[in-house]
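The values are calculated or read from the model by the stated rules, or taken from the named source; none is laboratory data. Remember, it's a predicted structure, so these values are computed and weren't measured experimentally. Because the Cβ atoms are built from the backbone with ideal geometry, glycine has one as well, and the counts that use them run over all protein chains shown. We work out accessible area using only protein heavy atoms, side chains counted, and drop any ligands, DNA or RNA first. Shrake-Rupley method; radii C 1.70, N 1.55, O 1.52, S 1.80 Å.
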Amino acid sequence: MTGRPVTGRSTGGRSVTGRPVTTDHALPTIVADAVVTDALRQDLTDAGFTVDRVDALWGAEAAASLHRGSRVAALRALGARDTTPLGTLATLFVLGLPVARTDAEQAFPGAGLDAVAAAGLVRVEDDIVAPTVDLRPYAFVDDLGAGSWWIVSDLGELALGTALGEEHVLGIGGATTTLSGLQVPVPVRRVLDLGTGCGIQAMHARRFADEVVATDISRRALDIARFNAQLNGVDGIEFRYGSLFEPVAGERFDRIVSNPPFVITPRREGVPSYEYRDGGMVGDALVETVLRGLADHLEPGGTAQLLGNWEHHWGVDGLDRVRAWFADADATGQGVDAWVIERERQDPPGYAETWIRDGGTKPGTPEFDDLVDAWLDDFQHRKVTGVGFGYVVVRKPLPGGAVSLRRFERLPETLGSNPAGLGATVARVLDAAAWLGVHDDDALLEAHLRVAGDVTEERFYWPGNDDPTVMTLVQGGGFGRRVDADTALAAFVGACDGDLSVRAITGAIAQITGVDEQALTADLLPRARDLVLDGLLLPA
(Lines give C-alpha, C1' and ligand atoms only; values in the text may rest on other atoms or scores of the structure.)
Protein backbone atom coordinates (compact mmCIF):
# COMPACT_ATOMS: atom_id res chain seq x y z
CA MET A 1 0.00 0.00 0.00
CA THR A 2 1.16 3.50 -0.66
CA GLY A 3 -0.49 6.73 0.44
CA ARG A 4 -0.02 10.31 -0.67
CA PRO A 5 -1.43 13.35 1.11
CA VAL A 6 -1.21 16.88 -0.16
CA THR A 7 2.24 18.08 0.82
CA GLY A 8 2.76 20.00 4.05
CA ARG A 9 4.15 19.63 7.55
CA SER A 10 2.12 16.87 9.16
CA THR A 11 3.14 13.67 10.92
CA GLY A 12 1.13 10.77 12.28
CA GLY A 13 0.72 10.04 15.97
CA ARG A 14 -1.49 8.52 18.61
CA SER A 15 -2.50 8.83 22.26
CA VAL A 16 -3.07 5.66 24.18
CA THR A 17 -2.09 6.04 27.81
CA GLY A 18 -4.00 7.49 30.72
CA ARG A 19 -2.55 10.79 31.83
CA PRO A 20 -4.29 13.87 33.22
CA VAL A 21 -5.92 15.67 30.30
CA THR A 22 -6.33 19.43 30.26
CA THR A 23 -8.73 21.05 27.84
CA ASP A 24 -7.57 23.78 25.46
CA HIS A 25 -10.73 25.90 25.21
CA ALA A 26 -9.39 27.58 22.04
CA LEU A 27 -9.95 24.33 20.16
CA PRO A 28 -13.55 23.95 18.95
CA THR A 29 -15.28 20.64 19.46
CA ILE A 30 -15.47 18.60 16.26
CA VAL A 31 -19.06 17.45 15.74
CA ALA A 32 -19.86 14.58 13.36
CA ASP A 33 -23.38 15.20 12.06
CA ALA A 34 -24.26 12.80 9.23
CA VAL A 35 -26.31 15.40 7.37
CA VAL A 36 -23.40 17.84 7.41
CA THR A 37 -20.67 15.32 6.56
CA ASP A 38 -22.71 13.92 3.66
CA ALA A 39 -23.21 17.40 2.21
CA LEU A 40 -19.59 18.36 2.88
CA ARG A 41 -18.37 15.23 1.09
CA GLN A 42 -20.34 16.28 -1.98
CA ASP A 43 -19.01 19.86 -1.78
CA LEU A 44 -15.40 18.60 -1.62
CA THR A 45 -16.06 16.25 -4.53
CA ASP A 46 -17.70 18.91 -6.66
CA ALA A 47 -14.82 21.32 -6.01
CA GLY A 48 -12.26 18.75 -7.19
CA PHE A 49 -10.48 18.86 -3.83
CA THR A 50 -8.04 16.04 -4.63
CA VAL A 51 -4.30 15.54 -4.16
CA ASP A 52 -3.51 16.01 -7.83
CA ARG A 53 -5.74 19.05 -8.32
CA VAL A 54 -4.45 20.80 -5.21
CA ASP A 55 -0.79 20.13 -6.06
CA ALA A 56 -1.48 21.46 -9.56
CA LEU A 57 -2.68 24.77 -8.10
CA TRP A 58 0.87 25.78 -7.16
CA GLY A 59 3.12 23.20 -8.85
CA ALA A 60 5.82 20.79 -7.74
CA GLU A 61 8.32 23.39 -6.51
CA ALA A 62 5.80 25.12 -4.27
CA ALA A 63 4.53 21.74 -3.05
CA ALA A 64 8.08 20.80 -2.05
CA SER A 65 8.46 24.17 -0.31
CA LEU A 66 5.25 23.51 1.62
CA HIS A 67 6.68 20.20 2.75
CA ARG A 68 9.66 22.11 4.15
CA GLY A 69 7.32 24.36 6.10
CA SER A 70 7.04 27.45 3.88
CA ARG A 71 3.91 28.58 2.02
CA VAL A 72 5.47 31.62 0.29
CA ALA A 73 5.99 29.83 -3.03
CA ALA A 74 2.44 28.45 -2.98
CA LEU A 75 1.00 31.91 -2.34
CA ARG A 76 3.07 33.41 -5.15
CA ALA A 77 1.88 30.68 -7.51
CA LEU A 78 -1.75 31.42 -6.63
CA GLY A 79 -1.17 35.05 -7.56
CA ALA A 80 -4.27 37.18 -6.99
CA ARG A 81 -5.89 34.49 -4.88
CA ASP A 82 -7.78 31.79 -6.73
CA THR A 83 -11.36 32.29 -5.52
CA THR A 84 -12.80 29.17 -7.13
CA PRO A 85 -14.14 26.63 -4.61
CA LEU A 86 -10.96 24.57 -5.10
CA GLY A 87 -8.69 27.56 -4.55
CA THR A 88 -10.69 28.62 -1.50
CA LEU A 89 -10.56 25.16 0.08
CA ALA A 90 -6.82 24.84 -0.56
CA THR A 91 -6.10 28.31 0.85
CA LEU A 92 -8.28 27.73 3.88
CA PHE A 93 -7.41 24.16 4.88
CA VAL A 94 -4.01 23.40 3.32
CA LEU A 95 -2.31 26.78 3.62
CA GLY A 96 -4.21 27.53 6.83
CA LEU A 97 -5.12 31.09 5.81
CA PRO A 98 -8.40 33.02 6.17
CA VAL A 99 -10.62 33.67 3.16
CA ALA A 100 -13.47 36.04 2.39
CA ARG A 101 -16.87 34.98 3.65
CA THR A 102 -18.39 35.21 0.17
CA ASP A 103 -15.71 32.84 -1.19
CA ALA A 104 -16.27 30.39 1.67
CA GLU A 105 -20.03 30.38 1.07
CA GLN A 106 -19.40 29.44 -2.56
CA ALA A 107 -17.09 26.60 -1.46
CA PHE A 108 -19.79 25.04 0.76
CA PRO A 109 -22.99 25.32 -1.30
CA GLY A 110 -24.43 22.05 -0.02
CA ALA A 111 -23.30 21.90 3.59
CA GLY A 112 -23.61 25.64 4.18
CA LEU A 113 -21.01 27.81 5.89
CA ASP A 114 -22.90 27.98 9.18
CA ALA A 115 -23.09 24.17 9.40
CA VAL A 116 -19.38 23.81 8.62
CA ALA A 117 -18.65 26.32 11.40
CA ALA A 118 -20.97 24.47 13.79
CA ALA A 119 -19.06 21.25 13.00
CA GLY A 120 -15.91 22.98 14.30
CA LEU A 121 -14.00 23.25 11.01
CA VAL A 122 -13.97 27.04 10.58
CA ARG A 123 -14.46 30.24 12.57
CA VAL A 124 -16.54 33.06 11.05
CA GLU A 125 -15.64 36.61 12.07
CA ASP A 126 -17.68 39.24 10.20
CA ASP A 127 -16.61 38.97 6.55
CA ILE A 128 -13.65 36.69 7.20
CA VAL A 129 -13.60 32.89 7.59
CA ALA A 130 -10.58 31.32 9.29
CA PRO A 131 -9.71 27.60 9.52
CA THR A 132 -9.78 25.89 12.90
CA VAL A 133 -8.55 22.55 11.54
CA ASP A 134 -6.38 21.18 8.78
CA LEU A 135 -8.44 19.32 6.16
CA ARG A 136 -6.65 17.90 3.16
CA PRO A 137 -7.12 15.25 0.48
CA TYR A 138 -5.25 11.96 0.69
CA ALA A 139 -4.79 9.33 -2.03
CA PHE A 140 -3.60 5.76 -1.65
CA VAL A 141 -3.29 2.41 -3.39
CA ASP A 142 -3.60 -0.97 -1.68
CA ASP A 143 -4.48 -4.52 -2.70
CA LEU A 144 -8.10 -3.49 -3.21
CA GLY A 145 -7.10 -0.74 -5.63
CA ALA A 146 -6.87 3.05 -5.55
CA GLY A 147 -8.76 5.15 -3.04
CA SER A 148 -8.98 8.70 -1.78
CA TRP A 149 -10.21 10.36 1.40
CA TRP A 150 -10.23 13.74 3.13
CA ILE A 151 -8.56 13.85 6.53
CA VAL A 152 -9.22 16.37 9.30
CA SER A 153 -6.53 17.04 11.92
CA ASP A 154 -5.47 20.01 14.03
CA LEU A 155 -3.72 23.01 12.50
CA GLY A 156 0.04 22.63 12.32
CA GLU A 157 2.74 25.05 13.40
CA LEU A 158 2.79 26.69 9.95
CA ALA A 159 -0.83 27.80 10.30
CA LEU A 160 -0.66 28.46 14.04
CA GLY A 161 2.57 30.41 13.95
CA THR A 162 3.40 28.93 17.36
CA ALA A 163 4.49 25.66 18.94
CA LEU A 164 1.85 22.96 19.03
CA GLY A 165 -0.53 22.53 21.94
CA GLU A 166 -0.18 19.44 24.08
CA GLU A 167 -3.57 18.07 22.94
CA HIS A 168 -2.73 18.46 19.27
CA VAL A 169 -4.17 15.77 16.96
CA LEU A 170 -1.87 15.09 14.04
CA GLY A 171 -2.76 14.19 10.49
CA ILE A 172 -0.97 12.23 7.81
CA GLY A 173 2.80 11.96 7.51
CA GLY A 174 5.60 9.49 6.94
CA ALA A 175 4.74 7.34 9.96
CA THR A 176 1.12 7.16 8.77
CA THR A 177 1.96 5.85 5.34
CA THR A 178 4.59 3.47 6.72
CA LEU A 179 2.17 1.79 9.12
CA SER A 180 -0.70 1.69 6.62
CA GLY A 181 1.70 0.04 4.18
CA LEU A 182 2.72 -2.54 6.81
CA GLN A 183 -0.86 -3.63 7.43
CA VAL A 184 -1.33 -7.17 6.13
CA PRO A 185 -3.83 -7.03 3.22
CA VAL A 186 -5.63 -10.22 4.23
CA PRO A 187 -9.35 -10.12 5.15
CA VAL A 188 -10.07 -10.74 8.84
CA ARG A 189 -13.02 -10.38 11.18
CA ARG A 190 -11.84 -7.92 13.88
CA VAL A 191 -9.02 -5.37 14.04
CA LEU A 192 -7.87 -3.18 16.93
CA ASP A 193 -6.31 0.20 16.18
CA LEU A 194 -4.58 1.01 19.45
CA GLY A 195 -4.35 4.80 19.76
CA THR A 196 -6.21 5.84 16.65
CA GLY A 197 -5.29 9.54 16.52
CA CYS A 198 -7.05 11.06 13.52
CA GLY A 199 -8.41 7.60 12.62
CA ILE A 200 -6.47 6.98 9.41
CA GLN A 201 -5.17 3.52 10.41
CA ALA A 202 -8.63 2.41 11.49
CA MET A 203 -10.00 3.47 8.11
CA HIS A 204 -7.29 1.56 6.27
CA ALA A 205 -7.85 -1.48 8.50
CA ARG A 206 -11.58 -1.43 7.77
CA ARG A 207 -10.87 -2.15 4.10
CA PHE A 208 -9.72 -5.63 5.14
CA ALA A 209 -11.86 -6.23 8.23
CA ASP A 210 -15.51 -6.80 9.08
CA GLU A 211 -15.21 -4.52 12.08
CA VAL A 212 -12.62 -2.28 13.72
CA VAL A 213 -12.28 -1.05 17.29
CA ALA A 214 -10.33 2.22 17.53
CA THR A 215 -9.15 3.46 20.94
CA ASP A 216 -7.54 6.62 22.24
CA ILE A 217 -7.01 8.47 25.52
CA SER A 218 -7.73 11.78 23.78
CA ARG A 219 -11.43 12.55 23.44
CA ARG A 220 -10.58 15.18 20.85
CA ALA A 221 -8.74 12.58 18.77
CA LEU A 222 -11.78 10.30 18.96
CA ASP A 223 -14.06 13.15 17.86
CA ILE A 224 -11.81 13.86 14.88
CA ALA A 225 -11.43 10.18 13.99
CA ARG A 226 -15.22 9.72 14.14
CA PHE A 227 -15.68 12.78 11.91
CA ASN A 228 -13.13 11.48 9.38
CA ALA A 229 -14.77 8.08 9.16
CA GLN A 230 -18.18 9.66 8.67
CA LEU A 231 -16.93 12.23 6.16
CA ASN A 232 -15.50 9.45 4.02
CA GLY A 233 -18.44 7.08 4.37
CA VAL A 234 -16.41 4.47 6.28
CA ASP A 235 -18.66 2.53 8.65
CA GLY A 236 -17.96 -0.47 10.87
CA ILE A 237 -15.56 1.35 13.21
CA GLU A 238 -16.32 1.52 16.95
CA PHE A 239 -14.51 4.30 18.81
CA ARG A 240 -13.65 3.75 22.47
CA TYR A 241 -12.01 6.00 25.05
CA GLY A 242 -9.34 4.63 27.36
CA SER A 243 -5.72 3.82 28.12
CA LEU A 244 -3.70 1.11 26.37
CA PHE A 245 -5.64 -2.18 26.37
CA GLU A 246 -8.14 -1.10 29.06
CA PRO A 247 -10.97 -0.35 26.56
CA VAL A 248 -10.69 -3.89 25.17
CA ALA A 249 -10.08 -5.86 28.36
CA GLY A 250 -10.88 -9.55 27.81
CA GLU A 251 -11.28 -9.14 24.04
CA ARG A 252 -9.21 -10.67 21.25
CA PHE A 253 -8.58 -9.54 17.70
CA ASP A 254 -7.36 -11.04 14.45
CA ARG A 255 -5.12 -8.06 13.88
CA ILE A 256 -3.73 -5.21 15.98
CA VAL A 257 -2.19 -2.11 14.45
CA SER A 258 -0.63 0.73 16.38
CA ASN A 259 1.58 3.75 15.97
CA PRO A 260 1.76 4.33 19.73
CA PRO A 261 3.01 7.54 21.37
CA PHE A 262 6.50 6.12 21.70
CA VAL A 263 8.55 9.32 21.70
CA ILE A 264 10.90 9.30 24.68
CA THR A 265 10.33 12.48 26.70
CA PRO A 266 12.06 13.63 29.89
CA ARG A 267 9.72 13.46 32.87
CA ARG A 268 10.61 16.96 33.99
CA GLU A 269 8.62 20.10 34.69
CA GLY A 270 8.64 22.51 31.77
CA VAL A 271 9.02 19.82 29.09
CA PRO A 272 5.87 19.68 26.92
CA SER A 273 4.03 16.36 27.05
CA TYR A 274 2.27 16.02 23.69
CA GLU A 275 -0.58 13.52 23.77
CA TYR A 276 -0.06 12.47 20.17
CA ARG A 277 3.48 11.22 20.76
CA ASP A 278 4.20 10.91 24.49
CA GLY A 279 2.81 7.97 26.42
CA GLY A 280 3.64 9.45 29.81
CA MET A 281 6.09 6.68 30.76
CA VAL A 282 9.83 6.72 31.34
CA GLY A 283 12.03 5.87 28.38
CA ASP A 284 10.71 3.19 26.06
CA ALA A 285 8.43 1.62 28.69
CA LEU A 286 5.35 2.43 26.57
CA VAL A 287 6.56 0.28 23.67
CA GLU A 288 7.57 -2.49 26.08
CA THR A 289 4.11 -2.42 27.69
CA VAL A 290 2.33 -2.61 24.34
CA LEU A 291 4.50 -5.48 23.08
CA ARG A 292 4.06 -7.46 26.28
CA GLY A 293 0.28 -7.03 26.08
CA LEU A 294 -0.21 -8.23 22.50
CA ALA A 295 -0.44 -11.97 23.25
CA ASP A 296 -3.42 -11.47 25.58
CA HIS A 297 -5.38 -9.65 22.87
CA LEU A 298 -4.58 -11.62 19.72
CA GLU A 299 -6.60 -14.54 18.48
CA PRO A 300 -4.56 -17.67 17.71
CA GLY A 301 -2.99 -16.98 14.33
CA GLY A 302 -3.63 -13.25 14.77
CA THR A 303 -1.00 -10.70 13.81
CA ALA A 304 0.12 -7.27 14.93
CA GLN A 305 1.96 -4.56 13.01
CA LEU A 306 3.40 -1.63 14.95
CA LEU A 307 5.89 1.19 14.86
CA GLY A 308 8.08 1.95 17.83
CA ASN A 309 11.45 2.93 19.18
CA TRP A 310 13.73 1.47 21.80
CA GLU A 311 16.72 2.67 23.77
CA HIS A 312 20.31 1.53 23.46
CA HIS A 313 22.00 1.61 26.87
CA TRP A 314 25.65 1.56 27.86
CA GLY A 315 26.79 -1.98 27.04
CA VAL A 316 23.30 -3.15 26.02
CA ASP A 317 22.15 -3.15 22.41
CA GLY A 318 18.61 -1.88 21.81
CA LEU A 319 17.52 -4.91 19.82
CA ASP A 320 18.82 -7.18 22.61
CA ARG A 321 16.55 -5.31 25.00
CA VAL A 322 13.55 -5.89 22.73
CA ARG A 323 14.56 -9.54 22.33
CA ALA A 324 14.48 -9.89 26.12
CA TRP A 325 10.89 -8.58 26.28
CA PHE A 326 9.75 -11.40 24.00
CA ALA A 327 11.93 -13.98 25.79
CA ASP A 328 10.16 -13.12 29.05
CA ALA A 329 6.84 -13.99 27.38
CA ASP A 330 8.18 -17.40 26.39
CA ALA A 331 8.76 -18.23 30.04
CA THR A 332 5.07 -17.66 30.80
CA GLY A 333 3.77 -19.67 27.85
CA GLN A 334 2.73 -16.47 26.03
CA GLY A 335 5.41 -16.65 23.37
CA VAL A 336 4.69 -15.12 19.96
CA ASP A 337 6.44 -14.99 16.63
CA ALA A 338 8.35 -11.72 16.48
CA TRP A 339 10.11 -9.85 13.69
CA VAL A 340 11.71 -6.55 14.66
CA ILE A 341 13.41 -4.27 12.14
CA GLU A 342 15.51 -1.34 13.28
CA ARG A 343 15.38 1.06 10.34
CA GLU A 344 17.21 3.96 11.90
CA ARG A 345 19.27 4.82 14.96
CA GLN A 346 19.76 8.34 16.31
CA ASP A 347 22.30 9.58 18.82
CA PRO A 348 20.90 11.43 21.88
CA PRO A 349 21.40 14.99 20.55
CA GLY A 350 19.92 14.12 17.16
CA TYR A 351 16.91 12.42 18.74
CA ALA A 352 16.25 15.32 21.10
CA GLU A 353 16.55 17.94 18.37
CA THR A 354 14.24 16.02 16.03
CA TRP A 355 11.37 15.83 18.49
CA ILE A 356 11.81 19.32 19.91
CA ARG A 357 11.52 20.72 16.37
CA ASP A 358 8.53 18.43 15.80
CA GLY A 359 6.70 20.22 18.61
CA GLY A 360 7.28 23.59 16.94
CA THR A 361 10.09 24.96 19.12
CA LYS A 362 12.61 26.66 16.86
CA PRO A 363 16.37 25.97 16.96
CA GLY A 364 18.43 28.92 18.13
CA THR A 365 15.91 30.01 20.77
CA PRO A 366 16.54 29.77 24.52
CA GLU A 367 13.51 27.47 24.81
CA PHE A 368 15.04 25.06 22.29
CA ASP A 369 18.39 24.99 24.08
CA ASP A 370 16.71 24.39 27.46
CA LEU A 371 14.75 21.46 26.07
CA VAL A 372 17.86 19.90 24.50
CA ASP A 373 19.55 20.16 27.90
CA ALA A 374 16.59 18.42 29.55
CA TRP A 375 16.69 15.57 27.03
CA LEU A 376 20.44 15.08 27.31
CA ASP A 377 20.29 15.15 31.11
CA ASP A 378 17.63 12.43 31.03
CA PHE A 379 19.59 10.25 28.58
CA GLN A 380 22.81 10.64 30.55
CA HIS A 381 21.09 9.81 33.84
CA ARG A 382 19.59 6.64 32.41
CA LYS A 383 22.75 5.69 30.43
CA VAL A 384 21.07 5.94 27.03
CA THR A 385 23.53 5.93 24.12
CA GLY A 386 21.06 6.00 21.25
CA VAL A 387 17.47 5.37 20.17
CA GLY A 388 16.44 2.94 17.47
CA PHE A 389 13.28 3.32 15.38
CA GLY A 390 11.59 0.67 13.34
CA TYR A 391 8.86 -1.86 12.71
CA VAL A 392 7.50 -4.69 14.84
CA VAL A 393 5.55 -7.64 13.42
CA VAL A 394 4.03 -10.21 15.77
CA ARG A 395 1.96 -13.36 15.28
CA LYS A 396 0.35 -15.52 17.93
CA PRO A 397 0.87 -19.26 17.25
CA LEU A 398 -2.11 -21.49 16.60
CA PRO A 399 -3.14 -23.87 19.42
CA GLY A 400 -0.42 -26.48 19.81
CA GLY A 401 1.89 -24.53 17.54
CA ALA A 402 5.36 -23.40 18.49
CA VAL A 403 7.10 -20.08 18.01
CA SER A 404 8.61 -20.24 14.52
CA LEU A 405 9.97 -16.74 13.96
CA ARG A 406 12.35 -14.69 16.06
CA ARG A 407 14.17 -12.19 13.95
CA PHE A 408 15.83 -8.99 15.14
CA GLU A 409 17.67 -7.16 12.40
CA ARG A 410 18.86 -3.82 11.11
CA LEU A 411 18.04 -2.57 7.65
CA PRO A 412 19.35 0.71 6.28
CA GLU A 413 16.86 3.55 6.22
CA THR A 414 16.64 3.32 2.43
CA LEU A 415 15.33 -0.23 2.70
CA GLY A 416 11.65 -0.11 3.48
CA SER A 417 11.46 3.67 3.26
CA ASN A 418 8.82 3.23 0.54
CA PRO A 419 5.91 1.56 2.31
CA ALA A 420 4.19 0.37 -0.87
CA GLY A 421 3.61 -3.38 -0.76
CA LEU A 422 5.27 -4.00 2.61
CA GLY A 423 2.05 -5.49 3.99
CA ALA A 424 2.18 -8.22 1.37
CA THR A 425 5.85 -8.74 2.23
CA VAL A 426 4.96 -9.10 5.92
CA ALA A 427 2.29 -11.68 5.08
CA ARG A 428 4.73 -13.62 2.92
CA VAL A 429 7.42 -13.65 5.61
CA LEU A 430 4.94 -14.90 8.22
CA ASP A 431 3.77 -17.64 5.85
CA ALA A 432 7.37 -18.59 5.07
CA ALA A 433 8.23 -18.76 8.78
CA ALA A 434 5.27 -21.08 9.39
CA TRP A 435 6.32 -23.28 6.44
CA LEU A 436 9.92 -23.46 7.66
CA GLY A 437 8.69 -24.24 11.16
CA VAL A 438 7.18 -27.54 10.01
CA HIS A 439 10.04 -28.44 7.65
CA ASP A 440 13.09 -29.78 9.45
CA ASP A 441 16.25 -30.36 7.44
CA ASP A 442 15.11 -33.74 6.12
CA ALA A 443 11.78 -32.26 4.99
CA LEU A 444 13.52 -29.28 3.44
CA LEU A 445 15.78 -31.57 1.43
CA GLU A 446 12.71 -33.20 -0.10
CA ALA A 447 11.03 -29.85 -0.85
CA HIS A 448 10.92 -28.19 -4.25
CA LEU A 449 11.79 -24.49 -4.38
CA ARG A 450 11.62 -21.86 -7.09
CA VAL A 451 13.20 -18.44 -7.47
CA ALA A 452 10.84 -15.51 -6.85
CA GLY A 453 10.03 -13.49 -9.94
CA ASP A 454 11.62 -10.28 -8.64
CA VAL A 455 15.07 -11.81 -8.01
CA THR A 456 18.01 -10.99 -10.26
CA GLU A 457 21.70 -11.71 -10.02
CA GLU A 458 24.54 -9.22 -10.32
CA ARG A 459 28.05 -10.36 -11.27
CA PHE A 460 31.24 -8.32 -11.27
CA TYR A 461 34.47 -9.35 -13.02
CA TRP A 462 38.06 -8.20 -12.96
CA PRO A 463 39.01 -7.10 -16.50
CA GLY A 464 39.98 -10.12 -18.59
CA ASN A 465 38.77 -12.69 -16.04
CA ASP A 466 36.12 -15.25 -16.96
CA ASP A 467 35.15 -15.97 -13.35
CA PRO A 468 33.16 -13.38 -11.37
CA THR A 469 34.78 -11.84 -8.30
CA VAL A 470 31.46 -10.80 -6.73
CA MET A 471 27.99 -12.31 -7.10
CA THR A 472 24.94 -10.75 -5.48
CA LEU A 473 21.32 -11.89 -5.41
CA VAL A 474 19.05 -8.83 -5.62
CA GLN A 475 15.41 -8.70 -4.51
CA GLY A 476 13.40 -6.25 -6.58
CA GLY A 477 10.42 -5.89 -4.22
CA GLY A 478 9.78 -6.07 -0.48
CA PHE A 479 12.75 -4.77 1.48
CA GLY A 480 15.04 -4.95 -1.55
CA ARG A 481 17.49 -7.32 0.09
CA ARG A 482 20.92 -7.96 -1.41
CA VAL A 483 22.53 -11.31 -0.59
CA ASP A 484 26.17 -12.06 -1.34
CA ALA A 485 26.53 -15.43 -3.04
CA ASP A 486 29.44 -17.76 -3.66
CA THR A 487 29.59 -20.19 -6.57
CA ALA A 488 27.70 -22.94 -4.72
CA LEU A 489 24.82 -20.71 -3.58
CA ALA A 490 24.50 -19.05 -6.99
CA ALA A 491 24.37 -22.46 -8.65
CA PHE A 492 21.82 -23.70 -6.12
CA VAL A 493 19.51 -20.71 -6.58
CA GLY A 494 19.87 -20.90 -10.34
CA ALA A 495 18.71 -24.52 -10.30
CA CYS A 496 15.63 -23.84 -8.13
CA ASP A 497 12.92 -23.90 -10.78
CA GLY A 498 10.48 -26.13 -8.87
CA ASP A 499 11.33 -29.32 -10.79
CA LEU A 500 14.11 -30.79 -8.68
CA SER A 501 14.17 -31.31 -4.92
CA VAL A 502 16.69 -29.50 -2.74
CA ARG A 503 18.41 -32.86 -2.17
CA ALA A 504 18.72 -33.50 -5.89
CA ILE A 505 20.14 -30.03 -6.56
CA THR A 506 22.76 -30.20 -3.80
CA GLY A 507 23.74 -33.69 -4.92
CA ALA A 508 24.22 -32.54 -8.51
CA ILE A 509 26.27 -29.49 -7.47
CA ALA A 510 28.47 -31.69 -5.24
CA GLN A 511 29.09 -34.10 -8.09
CA ILE A 512 29.91 -31.36 -10.62
CA THR A 513 32.22 -29.42 -8.28
CA GLY A 514 33.79 -32.45 -6.68
CA VAL A 515 33.04 -31.42 -3.10
CA ASP A 516 31.70 -33.51 -0.25
CA GLU A 517 27.91 -33.66 -0.55
CA GLN A 518 27.33 -33.78 3.21
CA ALA A 519 29.50 -30.72 3.80
CA LEU A 520 27.84 -28.85 0.92
CA THR A 521 24.39 -29.67 2.27
CA ALA A 522 25.35 -28.43 5.74
CA ASP A 523 26.54 -25.18 4.17
CA LEU A 524 23.57 -24.58 1.85
CA LEU A 525 20.58 -25.57 4.00
CA PRO A 526 20.73 -22.68 6.52
CA ARG A 527 21.29 -20.21 3.68
CA ALA A 528 18.36 -21.69 1.78
CA ARG A 529 16.21 -21.20 4.88
CA ASP A 530 17.19 -17.53 5.01
CA LEU A 531 16.37 -17.10 1.32
CA VAL A 532 12.94 -18.70 1.83
CA LEU A 533 12.28 -16.46 4.83
CA ASP A 534 13.35 -13.37 2.88
CA GLY A 535 11.17 -14.36 -0.07
CA LEU A 536 13.96 -14.86 -2.63
CA LEU A 537 13.06 -18.56 -2.79
CA LEU A 538 9.48 -19.82 -2.63
CA PRO A 539 8.07 -23.28 -1.94
CA ALA A 540 6.98 -24.69 -5.30
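Tell me the accessible surface of LEU398 in square angstrom (1.4 angstrom probe, heavy atoms of protein chains only), to the nearest ten.
For LEU398, solvent-accessible area is about 110 Å².
Excluding the sites themselves, what is the longest stretch of the chain that contains no trypsin sites (Lys or Arg not before Pro) in a DSSP loop with at most 14 other C-beta atoms within 10 Å?
Numbers: sites that count: ARG68, ARG81, ARG267, ARG268, ARG382, LYS383.
Answer from the scan: 82-266.
Tabulate in residue order the Karplus-calculated ³J(HN,Hα) for the stretch 453-464, using 6.51 cos²θ - 1.76 cosθ + 1.60 with θ = phi - 60°, rounded to whole Hz; enter x for Gly and Pro.
Result, ordered by residue: x, 9, 9, 10, 10, 9, 10, 10, 10, 6, x, x Hz.
Can you give me the convex hull volume of the Cα atoms of the chain, divided per residue and expressed in Å³? Could you put the intermediate results ahead of the total?
On the way: hull volume 97.2 nm³, N = 540.
So the per-residue hull volume is 180 Å³.
Roughly what % antiparallel, to the nearest 5, for the DSSP beta bridges in the chain? Write out the running numbers ahead of the final one.
Working: 57 of 81 bridges.
Of the beta bridges lying entirely in the chain, close to 70 percent run antiparallel.
Work out from phi, with θ = phi - 60° and the Karplus expression 6.51 cos²θ - 1.76 cosθ + 1.60, the ³J(HN,Hα) of each residue of the stretch 233-244, listed in order in whole Hz, and give x for Gly and Pro.
x, 9, 9, x, 10, 9, 9, 10, 8, x, 9, 6
Divide by every residue of the chain the summed helix terms, -39500 (n - 2.57) for each DSSP H run of at least 4, and state the resulting mean residue ellipticity at 222 nm, rounded to the nearest 500 deg cm²/dmol. Intermediate results must be reported in sequence, preceding the final value.
Working: 19 runs with 200 residues, N = 540.
The helix-only estimate for the chain comes to -11000 deg cm²/dmol at 222 nm.
Quick one: accessible area per residue over the chain, 1.4 Å probe, rounded to a whole number of Å²? Walk me through the numbers on the way to the answer.
Details: 22300 Å² over 540 residues.
For the chain, the per-residue accessible area is 41 Å².
Report, by chain and number, residues whose modeled amide H sits under 5 Å from the one on ARG240, excluding near sequence neighbours (fewer than 5 apart, same chain).
When sequence neighbours closer than 5 places are left aside, the close amide H contacts are ALA214, THR215, ASP216.
I need the phi-derived Karplus couplings for the stretch 146-162: 6.51 cos²θ - 1.76 cosθ + 1.60, θ = phi - 60°, integer Hz, Gly and Pro marked x.
7, x, 8, 9, 10, 10, 8, 8, 7, 4, x, 5, 4, 6, 6, x, 9
Report TRP435's accessible area, 1.4 Å probe, all protein chains in place, as a number in Å² to the nearest 10.
60 Å²
Using a ≥ b ≥ c from the Cα gyration tensor of the stretch 252-320 (square roots of the eigenvalues), is it rounded, prolate or oblate, where a/c under 1.5 gives rounded and otherwise the larger of a/b and b/c decides, a/b for prolate? Intermediate values should be presented prior to the final figure.
Working: a/c = 2.95, a/b = 1.57, b/c = 1.88.
Here the stretch 252-320 falls in the oblate category.
Would you work out what percent of the accessible area of the chain, with all protein chains in place, is carbon or sulfur (probe 1.4 Å)? Don't skip to the answer; put the middle values down first.
On the way: 11470 of 22300 Å².
In the chain, the share of accessible area belonging to carbon and sulfur is 51 percent.
In square angstrom, rounded to the nearest 10, how much accessible surface does PHE460 have for a 1.4 Å probe?
We get 110 Å² for PHE460.
Collect residues whose amide H, placed 1.01 Å from N in the peptide plane, falls under 5 Å from the amide H of LEU449; neighbours closer than 5 in sequence don't count.
Here the answer is GLY498, VAL502, ALA540, since their amide H atoms fall under 5 Å of that of LEU449.
When the dipole is taken about the Cα centre of the chain, and only Lys, Arg (+1) and Asp, Glu (-1) are charged at their Cβ, what size is it in debye, to the nearest 20?
480 debye
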